[in-house]
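Student: Have a look at this one before I ask anything.
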Amino acid sequence: MSVLVLAEHDGKQLKPGVTNMLTAAAKLGDVTVLVAGTQASEAAQAAAKVAGVKKVLLTEAPIYEGSAAENLAALVLTIAEQYSHILGPASAFGKNVLPRVAASLDVQQISEISAVESPDTFVRPTYAGNAMATVQSSDRIKVITVRATAFDPAGEQGAAPVENLAPGPDLGLTQYKGSELSKSERPELTAARIIVSGGRGMGSAENFKLIEALADKLGAAVGASRAAVDSGFMPNEYQVGQTGKIVAPELYIAVGISGAIQHLAGMKDSKVIVAINKDAEAPIFSVASYWLVDDLFKAVPELTKELSS
Amino acid sequence: MKVLVTVKRVIDPYVKVRVKSDGSGVETANIKMTMNPFCEIAVEQAVRMKEAGVVTEIVVVSVGAQQSQETLRTAMAMGADRGILVDAGVDVEPLAVAKLLKAIIAKENPQLVITGKQAIDDDSNQTGQMISALMGWPQATFISTITVNGDTADVTREIDGGLEKLTIKLPAVVTSDLRLNEPRYVTLPNIMKAKKKPMEVIKPDALGVDVTPRLKVLKVQEPPSRSAGVKVADVKELVAKLKNEARVI
Amino acid sequence: MSIYNAPLKDMHFALHEIAGLSEVLSLPGFEDVTPELVAAVLSEAGKFAREVLDPLNRTGDTIGARLENGVVTAPEGYRAAYAKFIEAGWNGLGADPAYGGQGLPHTVAMVVQEIWNSANMSFCLAPMLTSGVLEALRHHASPEQHALFSPKLTAGEWSGTMNLTEPQAGSDLSAVRTQAVRQGGHYLLRGTKIFITWGEHDMSENIVHLVLARTPDAPEGVKGISLFIVPKFLLGADGSAGERNDVKCVSIERKLGIHASPTCVLSYGEDKGAVGHLVGEENRGLEYMFTMMNHARLGVGVEGVGLAERAYQHALEYAKTRVQGRVMTKMRGQPSGDRVTIIHHPDVKRMLLSMKAQTEAMRALAYTAGAALDKARRHPDPAEKRRSQALVDLLTPIVKGWCTEQGVEVASTGMQVHGGMGFVEETGAAQYLRDARITTIYEGTTGIQANDLVGRKVAFEKGATAMALIAEMRALDAPLAALGADFSAARSNFTAAIDSLESATLWVVDTYSQSPNAVAAVAVPYLKLFGAVAGAWVMARSAIVAREKLKAPESDREFLTAKMNTARFYAEHILPQARAHADTVITGSASVLALEEAQF
């Protein structure tokens, strides 16, 4: 089995999640990583050091500027037949390119796998994660996108060889006109992957800075309980709960929130719930995946610091 | 300019999905169905372009069971001019859908195809990209704006962490993201008019497309339920659990 | 907060299997209305209700309508929602196509009204009153008046109000004092009207008030009341809204529920007199109002259904998510095992089932009355037309009185399911109860409905229609017997309840001619009795249809077996009240009449 992995990178570094995808790839066979871009040699060197990578292919050409789905897919197709599996990340980048590769190979892609059962059998979430489907592919080449958070990141190793791969054709179908990357503005509550919420236990509006610092560290949105809003610590638009916003992020960190049922109704579908409260009997602990009984004024700064190290 | 829009009939997003007890799939019989929300955005975009005078005709296509005619009627109530149902039953895979659409595109000759970025049932996020690959056309996925200028279109795409701007040659395939527009509510008079708009029903055989699935669904399960919580001793342990066990950071 | 989802499957079942939609759609004038079209309309209405109206219900309750300097402002979001509502054409759903309406059957309009009421009763009172005004104008307005008012009202660009009562009059309209003096081609009105729902607001361009008033030489009492159109803004030469008329809102009521809808005191003619246009002839105003009464009263009955459904969905969501207590083991009632959501507790289940059963019975009965109204208007066969008119006349006070009383009860049970959390406003259960409470009062209290039922409906025709209905109910015995042993208690309860209704009806007919007061004293128990048994009638039919449909190989088992069980529950838990009501009717009037005023 030989596996081709299309790496997502910014020219210098691999994007977060690529090493997780390489863990999935390593379960399938010998891994070759394709790093293509206008300038990508540094990223290729980084890829070469990821454990399990046997070879890195580097292609540099101006035609790969931006997301360049058509030209990237065409490049992959120049070597696709040498592989049993072609993997990409289930990110905006990977989702853009891989289906194009799959269709050109007359292959039904397997999207966003969360587990590898065997070389032809995979688990993938459907219905927004409410139904996990185990599917077996009969295609000669498996084209797959990988949900990074479902796999551990691969470690490091001595550098694998980096070879140059000639650019593929320039299809000239699209013209890249630039991109605007948003600064570290916090995501919206309902769209956030991670939310850090504070409750009445925060004590004051001023103290919400602790929550904001932690949220910024995690790229998270900030939320508040009804009690915190009623106490005037935060504006109502931050309210999570039955009368506020209903959220279901991957990670919900409840700080100084006792867990009134109205609050639980707004966040109980979160995938992982962390509760930090000094009251060991707080009802929030009944829904928490992990709970810490501690003074939040000590624990939250510590947590922010721990995440920075 | 003629636009072709695809729509899919899916379980209403407000319905709580239940996995069948035999693990063969998800309960879909007798459940409220609706138009996939991203497809709704795609239809809305086409209608706005028609209202702006850029588009002259909107053909809306669905691949699915007979009941998908209701979904096509909704699209026509929103403003599409006519509908085509490829009566292929349920669970047609994206590759087969793309091939069916390729055959329809060959007949209809649209300048622009708009699809939703993904359907909220199988969450594949493939069909638009596959159509464009099979047609050898440019693609712009996850768009939040589109402006047509003669035989090209300027689009903004939603990418991780920001936006990307492209100019694409037409004909092309674009897929709609959430921020492209806010779909209108269909009006009662338009619901009544929609039933008089033309609807064609075609079988996949007539398009010469084999829709045999390539993926075999071995089982479908509920996601693991929330396991009993764990008390952690300190912040260090918490971070370790979040990184290594829950893998959310 | 729960999210409202229109119960489309239940609605279609009640529409098709109980109310007989296919027969309605075969009536002349409905040639273009197909079941698929009805399904599309209901589905889109459900979507609009869920996404636009339901989210405003809570904030509307909290903020309420506000009055400042004679200007009433609807709560935040309502104006925009109203604009979307009329833009989508919902206002003209059942209205006359001649003025831009869609002319859908009343039966269908009723289902859509249930949807609006579930999502946001305060909001939908505005379009409901507009359609009431259109209904009143339908038969009695002049072609000129139609041309000026009907298209704008149908589109909803202008809204309508009903100005009936006054401070001294209450439910007794013969005491109306507002004066209308003819001046040239119009009248000038002076007086005060109270309880005017959406009497003043900022959602529509103009407001068309229908006002009951007396001309100077009018006879005393109900035969001296005329009906006038009084627009908030006088119409310019081109028919558009122009100068302000002499009518203003002087206060809005503080009230228990429906906070988002302003209940206004309107003062007419404080300055030069409010310009009004006579509808039809002088002194026939009350008669004209009566022609729309079945329509309006059925509409309020549907409010009861809508609120009951909403309260049920809200309580169900809570019961499925609230974890509390453990299930009892078989031994000694000791709790054991894991903590469970409260729906696992038998009493909570019982409450939810009672809400479900009552709501389904109310819905099926209301739609049946709606279908009868359509047939009464359009059936080509005169005999069938008459029969349908008699049925809708009989059912109207029952749907209005019983469905609203049940609505309050269901909303109250909904609060009970929440326990202490329901009494707290934050969970939202209390609002449905508070909002429901007005429905048994306005558009004729339950007492007035009951008097209408025993007097004008049952006694007047010597119980003919009631007895015909009772005969129809008895005919269900054989198919009920075929449902088997599970239904034997339900079946015998049903038979006993029909017997009770029959004897109470005979008592009403016999007693009314000699002692109408004796009947009036127990009219409400009689109405409740009739409601409970009529509810059983439609539920029994549901069970029979469900069993029949279950024979099909691809049937929706989960839904249909629930339908059967819900009907059985109704017969076992709710219907036994019929007997008690009948006993009260037959034996209870003397004790009511015995106590003198001084003894209270």
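The values are calculated or read from the model by the stated rules, or taken from the named source; none is laboratory data. The model shown is predicted, which means the values in this text are computed figures rather than measured ones. So basically every Cβ, Gly included, is an ideal-geometry build from the backbone, and we count neighbours across all protein chains shown. Note: accessible area is taken over every heavy atom of the protein model, side chains too, but ligands, DNA and RNA are not part of it. Shrake-Rupley method; radii C 1.70, N 1.55, O 1.52, S 1.80 Å.
Student: Checking the condition closer than 30 Å to A:Ile110 by Cα and over 24 Å from the mean Cα position of the chain (by Cα), which residue from B:Lys243, B:Lys203 passes?
Tutor: Just one listed residue meets the conditions, B:Lys243.
Student: Going through segment A:213-227 one residue at a time, which ones are open to solvent by less than 30 Å² (accessible area, probe 1.4 Å) and at pLDDT below 90?
Tutor: A:Ala227
Student: Quickly run through segment C:359-404 and pick out the residues that are among the charged types (D, E, K, R), surrounded by fewer than 21 Cβ atoms within 10 Å (Cβ to Cβ) and part of a helix (DSSP H, G or I).
Tutor: C:Arg377, C:Arg378, C:Glu384, C:Lys385, C:Arg386, C:Arg387
Student: Among (1) in contact with a helix residue (DSSP H, G or I) (Cβ under 9 Å, 6 or more places away or on another chain); (2) among the aliphatic types (A, V, I, L, M); (3) within 12 Å of chain A (Cβ to nearest Cβ), which single condition is B:Leu166 missing?
Tutor: Going through (1) in contact with a helix residue (DSSP H, G or I) (Cβ under 9 Å, 6 or more places away or on another chain); (2) among the aliphatic types (A, V, I, L, M); (3) within 12 Å of chain A (Cβ to nearest Cβ) one by one, B:Leu166 breaks only (1).
Student: So, in segment B:115-149, of the ones that are more than 7 Å from chain A (Cβ to nearest Cβ) and free of Cβ contacts under 8 Å to residues at least 12 places away in the same chain, which residue ends up least open to solvent (accessible area, probe 1.4 Å)?
Tutor: B:Gly136
Student: I'd like the full set of residues that are open to solvent by less than 20 Å² (accessible area, probe 1.4 Å), of a type in the set (A, V, I, L, M, F, W, C) and out of contact with any helix residue (DSSP H, G or I) (no Cβ under 7 Å at 6 or more places or on another chain), limited to segment C:204-248.
Tutor: Within segment C:204-248, C:Ile207, C:Val211, C:Ala213, C:Phe228, C:Val230, C:Val247 qualify.
Student: A further question on this structure: Looking at segment C:26-51 only, could you name the residues that are part of a loop (DSSP other than H, G, I, E, B) and small (Gly, Ala, Ser)?
Tutor: C:Ser26, C:Gly29
Student: Which of the residues that make up segment C:458-480 are outside any loop (DSSP other than H, G, I, E, B) and open to solvent by 30 Å² or more (accessible area, probe 1.4 Å)?
Tutor: Matches in segment C:458-480: C:Ala464, C:Met467, C:Ala468, C:Ala471, C:Glu472, C:Arg474, C:Asp477, C:Ala478, C:Pro479.
Student: Another question about this same structure. Among (1) away from every other protein chain (no Cβ under 14 Å); (2) under 30 Å from C:Asn283 (Cα atoms); (3) aliphatic (A, V, I, L, M), where does C:Ala95 come up short?
Tutor: Unmet for C:Ala95, out of (1) away from every other protein chain (no Cβ under 14 Å); (2) under 30 Å from C:Asn283 (Cα atoms); (3) aliphatic (A, V, I, L, M): (1).
Student: Among the numbered criteria (1) open to solvent by less than 10 Å² (accessible area, probe 1.4 Å); (2) over 21 Å from A:Pro16 (Cα atoms); (3) more than 7 Å from every other protein chain (Cβ to nearest Cβ), which one does A:Pro99 miss?
Tutor: (3)
Student: Moving on to the next point. Can you go through A:Ala128, A:Ala80 and tell me which one is at pLDDT below 95 and either outside any strand (DSSP E or B) or out of contact with any strand residue (DSSP E or B) (no Cβ under 7 Å at 6 or more places or on another chain) (or both)?
Tutor: A:Ala128
Student: Please pick out the residue among A:Pro235, A:Pro301, A:Pro283 that is within 14 Å of chain B (Cβ to nearest Cβ), at pLDDT below 90 and out of contact with any Asp or Glu (no Cβ under 8 Å at 6 or more places or on another chain). Quick ask: steps written out before the conclusion?
Tutor: Values: A:Pro235 fails: within 14 Å of chain B (Cβ to nearest Cβ); A:Pro301 fails: at pLDDT below 90.
Of A:Pro235, A:Pro301, A:Pro283, the one residue that is within 14 Å of chain B (Cβ to nearest Cβ), at pLDDT below 90 and out of contact with any Asp or Glu (no Cβ under 8 Å at 6 or more places or on another chain) is A:Pro283.
Student: Out of the residues in segment A:178-212 meeting the condition of being open to solvent by 30 Å² or more (accessible area, probe 1.4 Å), touching a residue at least 60 places away in the same chain (Cβ under 8 Å) and within 14 Å of chain B (Cβ to nearest Cβ), tell me which one is farthest from the chain's Cα centre (by Cα). Break it down stepwise before answering.
Tutor: Here is the first cut: in segment A:178-212, the residues open to solvent by 30 Å² or more (accessible area, probe 1.4 Å) are A:179-188, A:190-191, A:193, A:200-201, A:203-207, A:209-210, A:212.
When the remaining residues are screened for being touching a residue at least 60 places away in the same chain (Cβ under 8 Å), the result is A:179, A:201, A:207, A:210.
Imposing the further condition that a residue be within 14 Å of chain B (Cβ to nearest Cβ) reduces the set to A:179, A:210.
Details: A:Ser179: 20, A:Leu210: 25 Å.
The qualifying residue farthest from the chain's Cα centre (by Cα) is A:Leu210.
Student: Take the residues in segment A:143-175 that are small (Gly, Ala, Ser), away from chain B (no Cβ under 12 Å) and more than 25 Å from the chain's Cα centre (by Cα), then tell me which one is surrounded by the fewest Cβ atoms within 10 Å (Cβ to Cβ).
Tutor: A:Gly158
Student: Considering only residues of segment A:111-121 that are within 9 Å of chain B (Cβ to nearest Cβ) and under 18 Å from A:Gly94 (Cβ atoms), which is nearest to the chain's Cα centre (by Cα)?
Tutor: A:Glu112
Student: Here is a further query. I'm trying to understand the selection: among the residues of segment B:170-228, which are acidic (Asp, Glu) and either in a strand (DSSP E or B) or at the interface with chain A (Cβ under 9 Å from one of its Cβ atoms) (or both)?
Tutor: B:Glu200, B:Glu222 - these are the residues of segment B:170-228 that are acidic (Asp, Glu) and either in a strand (DSSP E or B) or at the interface with chain A (Cβ under 9 Å from one of its Cβ atoms) (or both).
Student: So in segment B:235-249, with the set limited to residues that are facing chain A (nearest Cβ under 7 Å) and among the charged types (D, E, K, R), which one is farthest from A:Arg193 (Cα to Cα)?
Tutor: Among residues in segment B:235-249 that are facing chain A (nearest Cβ under 7 Å) and among the charged types (D, E, K, R), the one farthest from A:Arg193 (Cα to Cα) is B:Lys236.
Student: Output the residues belonging to segment C:547-600 that are closer than 28 Å to C:Thr413 by Cα, free of Cβ contacts under 8 Å to residues at least 12 places away in the same chain and open to solvent by less than 40 Å² (accessible area, probe 1.4 Å).
Tutor: C:Ala562
Student: Then there's this: With the condition kept exactly as written, say whether any residue in segment C:430-453 is farther than 27 Å from C:Ile196 by Cβ, crowded, with 21+ Cβ neighbours inside 10 Å and among the small types (Gly, Ala, Ser).
Tutor: No, the conditions are met nowhere in segment C:430-453.
Student: Which of the residues belonging to segment B:207-238 are in contact with a strand residue (DSSP E or B) (Cβ under 9 Å, 6 or more places away or on another chain), closer than 23 Å to A:Val287 by Cβ, surrounded by fewer than 18 Cβ atoms within 10 Å (Cβ to Cβ) and of a type in the set (A, V, I, L, M)?
Tutor: B:Val230, B:Ala233
Student: Here's something else I'd like to know. Is it the case, given these coordinates, that B:Val201 is touching a residue at least 12 places away in the same chain (Cβ under 8 Å), under 29 Å from C:Ala45 (Cα atoms) and in contact with a strand residue (DSSP E or B) (Cβ under 8 Å, 6 or more places away or on another chain)? Don't jump to the end; show me each part of the working.
Tutor: Details: touching a residue at least 12 places away in the same chain (Cβ under 8 Å): yes; under 29 Å from C:Ala45 (Cα atoms): yes; in contact with a strand residue (DSSP E or B) (Cβ under 8 Å, 6 or more places away or on another chain): yes.
Yes, satisfied.
Student: If you don't mind, another one. Output the number of the condition that C:Phe48 fails; it satisfies all remaining conditions of (1) more than 11 Å from chain B (Cβ to nearest Cβ); (2) over 24 Å from C:Val545 (Cβ atoms).
Tutor: C:Phe48 satisfies every listed condition except (1).
Student: Would you check which residues across segment B:150-163 are more than 7 Å from chain A (Cβ to nearest Cβ), β-branched (Val, Ile, Thr) and surrounded by fewer than 22 Cβ atoms within 10 Å (Cβ to Cβ) and list them?
Tutor: B:Thr152 - this is the single residue of segment B:150-163 that is more than 7 Å from chain A (Cβ to nearest Cβ), β-branched (Val, Ile, Thr) and surrounded by fewer than 22 Cβ atoms within 10 Å (Cβ to Cβ).
Student: For C:Thr511, are the conditions met, namely being over 27 Å from the mean Cα position of the chain (by Cα), modelled with pLDDT of 95 or more and of a type in the set (S, T, N, Q)?
Tutor: yes
Student: Shifting gears a bit: Taking the condition of being open to solvent by 10 Å² or more (accessible area, probe 1.4 Å) and more than 8 Å from chain B (Cβ to nearest Cβ), how many residues in segment A:125-142 meet it?
Tutor: The qualifying residues number 2.
Student: Just for segment A:241-270: of the residues that are among the hydroxyl-bearing types (Ser, Thr, Tyr) and open to solvent by less than 10 Å² (accessible area, probe 1.4 Å), which one is nearest to C:Leu316 (Cα to Cα)?
Tutor: A:Ser270
Per-residue answers, yes or no, for (1) over 18 Å from C:Glu253 (Cα atoms); (2) of a type outside the set (D, E, K, R); (3) at pLDDT below 95:
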| residue | (1), (2), (3) |
| --- | --- |
| C:Asp172 | yes, no, yes |
| C:Gly185 | yes, yes, yes |
| C:Gly199 | no, yes, no |
| C:Met203 | yes, yes, no |
| C:Leu210 | yes, yes, no |
